[in-house]
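Scroll down for the structure; my scribbles are underneath it.
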Amino acid sequence: MQPTHRIAIGADDAGTVMKDAMIDYLTGHGHPVTDMSASATEDYPDVAERVARSVARGEYERAVLVCGTGIGMAIAANKVPGVRAAQIPDSYSAERARKSNDAQIACFGNRTMGVEAALVCLQHWLVSDFAGGGSAPKVEKIKQVESRSLRAA
C-alpha cells in the first residue's frame, strides 16, 4: 500500500476544474488534503505563496498548484525559500521532479493538458521519492544558490 501524504492544494480561477478532480483523486487514495485556492480578490501568485509557505513550514509534505499553464504557479512558489516546485507536463517529468529534484510541489496547467493526463502525472509524482545518489549534490547546489541569494538580498 502506498503511503499517504499531507497535501495542500491551490488553484486560481483557471485551474478550478482540474483542482477539484485532483482533490477527489487524492482523498479517494487516502491523502488528507487542504484546499488553499484563490478567493475572489486573489491571483495565482497569492495562492502559490500561501501554499509554498505552508510546505516550507512543514505543515504539508507535498502540495499541488493548478493555474492555466502551471508556469506562473511554479515561478511564484519557487520564490519561497526551501521550496522546490516543478511544472509537470508529462508523467516522466512528474517522476523526475521527485526522484532527481526532490520537488515538494507539483504545478499543473488546466489549459495545457487534460484532467485524465494530469491525474496520471499526479499518480507518478505521488509514488516517487527522492533517489539521492548522483542527484543529491545537485539538489545541495540548488540550496546553496538559494542561500547565497538570501544573503545577498
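The values are calculated or read from the model by the stated rules, or taken from the named source; none is laboratory data. As the structure is a computational prediction, the values presented were derived from the model and not from experiment. Here Cβ is always computed from backbone atoms with ideal geometry, including for glycine, and neighbour counts include all displayed protein chains. Quick note on the areas: whole protein, heavy atoms, side chains included, nothing else; ligands and nucleic acids left out. Shrake-Rupley method; radii C 1.70, N 1.55, O 1.52, S 1.80 Å.
Overview of values
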| quantity | calculated |
| --- | --- |
| In order through the range 131-141: 3J(HN,Hα) via Karplus (6.51 cos²θ - 1.76 cosθ + 1.60), integer Hz, x for Gly, Pro | 8, x, x, x, 7, 4, x, 5, 5, 4, 5 |
| Three-way shape label, the chain, alpha-carbon gyration tensor, a/c 1.5 | oblate |
| Å³ per residue enclosed by the Cα convex hull of the range 3-43 | 56 Å³ |
| Counted charge near GLY82, where neighbours are those whose Cβ lies closer than 12 Å (Asp, Glu -1; Lys, Arg +1) | +3 |
| Where labels lie 7 Å past Cα in the beta-carbon direction, separation of ARG151 and THR27 in nm | 4.6 nm |
| The chain: calculated mean residue ellipticity at 222 nm from DSSP helix runs of at least 4, using -39500 (n - 2.57) | -14500 deg cm²/dmol |
| GNM top mover of LYS141, LYS79, LYS99 - the chain, alpha-carbon springs below 10 Å | LYS141 |
| Amide proton proximity set for GLN87, modelled H, under 5 Å, gap of 5+ | CYS107 |
| Highest-fluctuation residue, ILE142, ILE105, ILE88 considered, GNM on the chain with Cα pairs under 10 Å | ILE142 |
| Span from the the range 66-121 Cα centroid across to the the range 124-153 one, whole angstrom | 16 Å |
| Rg ratio (alpha-carbon, reference 2.2 N^0.38 Å) - the range 1-69 | 1.06 |
| Rounded to whole Hz, the Karplus (6.51, -1.76, 1.60) HN-Hα couplings of the range 41-58, x for glycine and proline | 9, 10, 10, 4, x, 5, 5, 4, 5, 4, 5, 4, 5, 5, 5, 4, 7, x |
| Phi-based couplings in Hz for the range 73-81 (Karplus 6.51, -1.76, 1.60; Gly and Pro marked x) | 4, 5, 4, 5, 5, 6, 7, 7, x |
| Out-of-range pairs (alpha-carbon distance over 18 Å; input LYS79/LYS99; LYS19/LYS99; LYS99/LYS141) | LYS79/LYS99; LYS19/LYS99 |
| Listed residues ALA38, ALA136, ALA63, most fluctuating in the chain (Gaussian network, C-alpha, under 10 Å) | ALA136 |
| Residues of the range 1-68: accessible area per residue with a 1.4 Å probe, Å² | 47 Å² |
